[in-house]
Each structure stands twice: as C-alpha cells, then as structure tokens.
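Working notes for the structure below.
The values are calculated or read from the model by the stated rules, or taken from the named source; none is laboratory data. Values in this document were obtained by computation on a predicted structure and should not be read as measured data. Cβ coordinates were reconstructed from backbone atoms using ideal geometry, including for glycine residues, and neighbour counts include every protein chain displayed. Ligands, DNA and RNA are stripped out before the accessible areas are found, and what is left, the full protein with its side chains, is counted by its heavy atoms. Shrake-Rupley method; radii C 1.70, N 1.55, O 1.52, S 1.80 Å.
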Amino acid sequence: MDKIVIEGGHPLQGHVTVSGAKNAALPIITACLLTGGWHRLENIPRLRDIETIIRILSQLGVAFEFEQNSLRVNSGQLSGHEAAYELVKTMRASILILGPLLARYGRAKISLPGGCAIGARPVDLHLKALAAMGVDMFLDQGYINARVDRLKGAEIFFDTPTVTGTENIMMAAVLAEGETTLRNAAREPEIQDLASMLRDMGADIEGDGTHTITIRGVKELRPVEHIVIPDRIEAGTFMIAAAMTRGEVHISGCRTDHLSAVIEKLEAAGAEIQTIEGGVTVKGPEIMNSVDVRTMPFPGFPTDLQAQFMAAMCLAEGWSMIRETVFENRFIHVSELERMGADIEINGGQALVRGCEHLLAAPVMATDLRASASLILAGLVAEGGKTEVHRIYHLDRGYEALEKKFAGLGAKIWRQSE
Ligand code: UD1
C-alpha cells in the first residue's frame with residue numbers, strides 16, 4: 001500500500017489544470033447502457049472509481065477502449081444484468097446501473113451498497129421511485145432483484161434532494177412509457193451534464209438544474225460523443241490549497257459558475273480571486289480570516305469540500321463554525337487534524353474550529369476520499385518535519401494524480417510504498 005509524504009511550508013505557485021468530474025463521469029458511463037453502438041466520452045478522469053464502474057459494466061458484457069482521457073463504450077451485447085457485492089461495496093455509486101438496466105432490459109440484480117464511512121447513506125429513495133414506475137423488487141442474500149416489463153412514467157417526490165437518486169431515475173425515465181416528473185430533484189451541475197448527454201442521445205428532458213425535472217419517455221436512443229465537465233471538487237481543493245499556503249495559483253479548466261459558494265467563502269477568508277477565461281487565479285492572504293460554513297445541496301457549499309475547508313480554517317484567525325447538513329458522521333477527519341495540532345470541538349453536526357498559529361507534521365490516516373484531501377492540505381502547511389498520509393487508496397478513488405499536480409505547483413510531496 002502507498003502513502004503520501006509531504007514536507008510542508010512551501011507556498012503553491014504556478015498553473016494547474018483540473019481533470020474531468022468523477023461524479024459526472026460515473027452516471028455518464030452508466031448512461032451508455034441505455035443503447036448499443038459506440039459512445040465516445042472525453043475528459044474522463046483516470047481514477048479508481050472510474051475503474052470500478054468499468055469493471056462492473058465489463059462483467060455485464062460492455063466493451064471499453066480507454067486511451068488517455070478518452071473512453072469509448074459499447075453496450076450492444078450484454079451478457080448479464082448483475083453487479084456483484086465485491087465491487088459494489090467499494091463504491092456506492094454502483095447503484096447508478098439500476099435505472100439504465102431496468103430501462104433497457106427490464107431486469108437488474110445489484111448488491112445493496114451497505115453502510116459507508118460518512119453515514120448510513122441509504123438508497124431507499126432510488127428504490128421508492130422505481131417502485132412508483134412499476135418495478136417489482138425483492139431482496140435476496142443482500143441483493144436487490146428488480147424486474148419490470150416496461151417502466152411507466154410517474155410523479156416522483158424525493159423527500160430529500162438526492163444526486164445519484166435523481167440521476168438514476170432520470171436514466172430510468174428516458175425510455176419509460178409516458179411522462180415522469182421528479183420533484184425536489186437535486187440540482188448539481190453533474191446532473192445537468194448527464195441530462196445534456198441524454199438529450200444528445202435523443203431523450204426528452206426539461207428542467208435539469210431546477211428542482212423539477214420532466215422527462216417524456218422515447219422509444220430509442222442513439223450513441224453520442226460527450227465531453228465531461230471539469231471536476232468542481234478538485235478545482236475547489238486547489239483553490240483552498242492556494243489560499244491556505246499563501247500561494248498564487250492559476251487553475252484552468254474550472255467553471256466558476258459551479259463554485260460560487262466556495263469562491264464567496266474564500267474571498268471572505270481573505271483570498272483574492274480573479275476569474276479569467278476558462279479558469280481562476282487564487283492568491284492567498286498572509287493570514288486567513290475565520291469564516292462560518294454550512295454544507296448544503298447545490299448551489300450551497302458542497303459537503304465534498306467541507307473537510308478541505310476545515311483544514312484551512314485550522315490556521316485562520318479566530319473561530320469558525322462548520323455545519324454539516326448533508327451527511328451524518330462526516331467529521332471523521334477531525335481526530336486526524338487534531339493529531340496535527342488543530343483545535344476542533346464537535347457538537348452533533350457542527351464543528352467549532354479555533355484557529356491556531358501552526359499545524360504540526362504527523363503521521364495520519366485517511367478515512368474517506370475527501371478526508372484524505374483535507375489531510376494533504378494540512379500537510380502542505382504543517383511545520384516540523386514530514387506529514388505521512390496513510391491509506392491513500394481513498395484518495396485514489398477520486399483524485400487524478402493529486403500529488404503530482406501539487407508537486408507541479410512547488411509542493412514537496414511524493415508517493416512512497418509503505
Ligand atoms: C453524491 C456524490 C457525493 C456527494 C453527495 C452529496 C456521486 C457519485 N456522489 O452522493 O460525492 O457527497 O452526492 O452532494 O455523485 N439519501 C437518503 N435516501 C436515498 C438517497 C440519499 O436518505 O435514497 C440521503 C443521504 O443519506 C444524504 C442525502 O440524502 O443525507 C444526500 O445524498 P445523495 O445526494 O444521494 O448522495 P449521493 O448521491 O450518494
């Protein structure tokens with residue numbers, strides 16, 4: 001197993017390019033199940049979660065050709081309709097095959113994802129919506145067995161906006177009989193990217209990016225070429241890193257309209273942010289101001305940047321209150337940050353961060369994907385030796401060559417086998 005070693009104290013300087021969005025690429029790859037023929041997907045990041053979805057679809061008989069960040073996908077000849085526990089347990093987003101498989105084949109068998117480090121994360125809203133569309137489901141040995149002759153359009157109300165739930169049901173509805181309306185749908189940019197691909201395939205979808213999405217089922221779809229949007233979470237991670245290391249970084253390939261909440265908070269913390277064609281330049285202040293943050297569904301502050309922003313607030317002047325409202329139990333990075341000298345007090349879903357003068361280098365353990373990024377950010381500013389971040393397979397799930405990109409910005413950071 002690898003670890004990441006960081007010698008902190010070097011301001012980030014220079015230019016970095018953001019990769020394609022993992023959370024857009026995952027549903028976009030599963031959307032290829034909806035029709036045969038070769039799709040061409042561009043700007044696909046090379047990371048573990050993408051490998052996992054490719055492995056799951058390969059087991060169903062889908063053909064892939066990967067060349068750098070360009071992925072060709074053909075699901076013309078499916079040989080199965082089952083996603084096994086061994087793969088699903090490593091990535092909850094595997095549930096995204098359910099909607100498209102039912103839409104095209106009327107059958108799917110997929111292991112229930114189970115718990116994960118950041119809370120219970122059920123998929124009940126996905127299943128309730130599919131049941132409303134006529135799907136019969138039963139649970140056997142931890143697997144959901146689902147069957148339907150043809151999906152029927154339905155009025156669906158999500159109790160809470162769910163990102164993959166909205167995507168799954170949107171993909172199910174594009175080939176259903178009649179009209180489906182999703183109310184209280186999630187509005188994340190990744191959903192709009194998927195909708196735009198589905199429309200190019202011939203789907204009839206309106207309202208993505210709002211809380212109400214209407215989908216009128218069509219008889220068939222066609223393969224397409226699609227370019228995945230840039231990863232706003234990776235971009236936000238670089239923005240926070242530039243600000244907290246007192247650096248100056250130009251981040252290209254990032255969509256500022258996807259990052260308004262983050263930009264506002266970083267500016268309040270004292271960073272100078274300039275939007276220029278195709279990207280932003282972020283210049284960090286001498287000392288950051290403390291800023292309160294509350295995670296919310298898009299366009300609110302993303303839960304996927306909460307841990308990274310908390311790392312920045314550890315060195316801010318004053319106290320900052322960080323509220324996590326999207327997931328329970330998403331503060332597991334706190335005890336690791338404390339090992340580096342951070343002063344944080346958790347009370348239910350809120351964390352009070354008291355800014356301190358220094359963070360100190362230490363060996364720490366990554367506990368989930370975004371927590372690993374926050375520990376790396378802390379390592380970039382830590383004093384007194386080397387920070388070692390262990391269990392970085394979490395990081396490799398969702399960031400493309402993060403340590404290489406930081407090294408390109410002047411950080412002293414490298415990967416080493418344990
Ligand atoms: C997606 C993202 C993840 C991000 C999250 C929130 C992908 C692959 N992953 O995860 O990176 O952190 O959105 O922005 O896109 N919920 C239920 N029942 C359900 C579904 C969700 O109660 O059936 C709850 C969840 O427990 C959570 C909230 O709804 O409290 C939002 O979760 P959801 O938007 O579904 O997260 P994911 O789609 O799994």
Ala235 vs (1) under 30 Å from Leu33 (Cβ atoms); (2) out of contact with any Cys (no Cβ under 8 Å at 6 or more places or on another chain); (3) modelled with pLDDT of 95 or more; (4) not in a strand (DSSP E or B): all pass except (2)
Specify which of the listed residues (Asp343, Asp304, Asp368) is at pLDDT below 95 and either open to solvent by 60 Å² or more (accessible area, probe 1.4 Å) or within 16 Å of the ligand (Cβ to nearest atom) (or both). Asp368
Select, from Ile273, Ile322, Ile263, the only residue that is farther than 22 Å from Thr367 by Cβ, among the β-branched types (Val, Ile, Thr) and in contact with a Lys or Arg (Cβ under 9 Å, 6 or more places away or on another chain). Ile273
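Under the condition of being of a type in the set (Lys, Arg) and at negative phi, which residue from region 390-416 is least open to solvent (accessible area, probe 1.4 Å)?
Within region 390-416, the subset of a type in the set (Lys, Arg) is 391, 397, 404-405, 412, 415.
If we keep only those that are at negative phi as well, we get 397, 404-405, 412, 415.
Working: Arg397: 63, Lys404: 144, Lys405: 39, Lys412: 93, Arg415: 83 Å².
Looking at residues that are of a type in the set (Lys, Arg) and at negative phi, I get Lys405.
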Going through region 315-326 one residue at a time, which ones are under 24 Å from the mean Cα position of the chain (by Cα) and surrounded by 23 or more Cβ atoms within 10 Å (Cβ to Cβ)? Ile322, Glu324
Test: Leu194 is in contact (Cβ under 8 Å) with a residue 60 or more places away in the chain and crowded, with 22+ Cβ neighbours inside 10 Å: yes
Among the residues of region 167-188, which ones are within 16 Å of the ligand (Cβ to nearest atom) and part of a helix (DSSP H, G or I)? Glu167, Asn168, Ile169, Met170, Met171, Ala172
Tally of residues being crowded, with 20+ Cβ neighbours inside 10 Å and over 20 Å from Gln350 (Cβ atoms) across region 254-301: 10
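Give region 5-50 a look and list any residue that's assigned to a strand (DSSP E or B), of a type outside the set (S, T, N, Q), within 30 Å of Leu360 (Cα to Cα) and under 21 Å from the mean Cα position of the chain (by Cα), or say none. Break it down into steps so the answer makes sense when it comes.
Residues of region 5-50 assigned to a strand (DSSP E or B): 5-7, 13-17, 20, 38-42.
Then keep just the ones that are of a type outside the set (S, T, N, Q); that gives 5-7, 14-16, 20, 38-42.
Going one step further and asking which of them are within 30 Å of Leu360 (Cα to Cα), we end up with 5-7, 14-16.
Scanning region 5-50 gives a single hit, Val16.
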Exactly one of Thr17, Thr35 is open to solvent by 10 Å² or more (accessible area, probe 1.4 Å) and within 30 Å of Glu383 (Cβ to Cβ), and that residue is Thr17
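Within region 155-186, how many residues are touching a helix residue (DSSP H, G or I) at 6+ places or on another chain (Cβ under 8 Å) and over 28 Å from Phe327 (Cα atoms)?
Here is the first cut: in region 155-186, the ones touching a helix residue (DSSP H, G or I) at 6+ places or on another chain (Cβ under 8 Å) are 155-156, 158-160, 162-176, 180, 182, 185-186.
In the following step, the residues that additionally are over 28 Å from Phe327 (Cα atoms) were identified as 174-176.
Residues meeting the conditions: 3.
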Which one of the conditions (1) without any contact (Cβ under 8 Å) to a residue 12 or more places away in the chain; (2) touching a helix residue (DSSP H, G or I) at 6+ places or on another chain (Cβ under 6 Å) does Glu51 fail to meet, given that it meets all the rest? (2)
Quick one: in region 74-92, of everything that is open to solvent by less than 20 Å² (accessible area, probe 1.4 Å) and out of contact with any Asp or Glu (no Cβ under 6 Å at 6 or more places or on another chain), which residue is modelled with the highest pLDDT? Ser75
In region 316-337, what count of residues is obtained for those that are farther than 19 Å from Ile240 by Cα and either assigned to a helix (DSSP H, G or I) or outside the structural domain of Ala271 (by TED's automatic domain parsing) (or both)? 1
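Specify which of the listed residues (Lys109, Lys128) is over 22 Å from Asp368 (Cβ atoms) and within 11 Å of the ligand (Cβ to nearest atom). Quick ask: steps written out before the conclusion?
Working: Lys109 fails: within 11 Å of the ligand (Cβ to nearest atom).
Only one candidate passes the filter, namely Lys128.
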Every listed condition ((1) more than 16 Å from the ligand (Cβ to nearest atom); (2) in a loop (DSSP other than H, G, I, E, B)) holds for Ala242 save (2)
With respect to Gly202, is the statement that it is outside the structural domain of Ala63 (by TED's automatic domain parsing) and either assigned to a strand (DSSP E or B) or modelled with pLDDT of 95 or more (or both) true? no
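Kindly provide the set of residues from region 138-166 that are open to solvent by less than 60 Å² (accessible area, probe 1.4 Å), under 17 Å from Val88 (Cβ atoms) and within 16 Å of the ligand (Cβ to nearest atom), ordered by number. Please lay out each step first, then the result.
The first filter runs over region 138-166 and keeps only residues open to solvent by less than 60 Å² (accessible area, probe 1.4 Å), leaving 142-146, 148, 151, 153-154, 156, 158, 161-166.
Subset that is under 17 Å from Val88 (Cβ atoms): 142-146, 164-165.
Those that are open to solvent by less than 60 Å² (accessible area, probe 1.4 Å), under 17 Å from Val88 (Cβ atoms) and within 16 Å of the ligand (Cβ to nearest atom): Ile144, Ala146, Thr164, Gly165.
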Determine whether region 215-227 contains at least one residue that is part of a loop (DSSP other than H, G, I, E, B), in contact with a Pro (Cβ under 8 Å, 6 or more places away or on another chain) and more than 16 Å from the ligand (Cβ to nearest atom). no
Provide a single number: the residues in region 231-252 that are in contact with a Ser or Thr (Cβ under 9 Å, 6 or more places away or on another chain) and open to solvent by 30 Å² or more (accessible area, probe 1.4 Å). 2
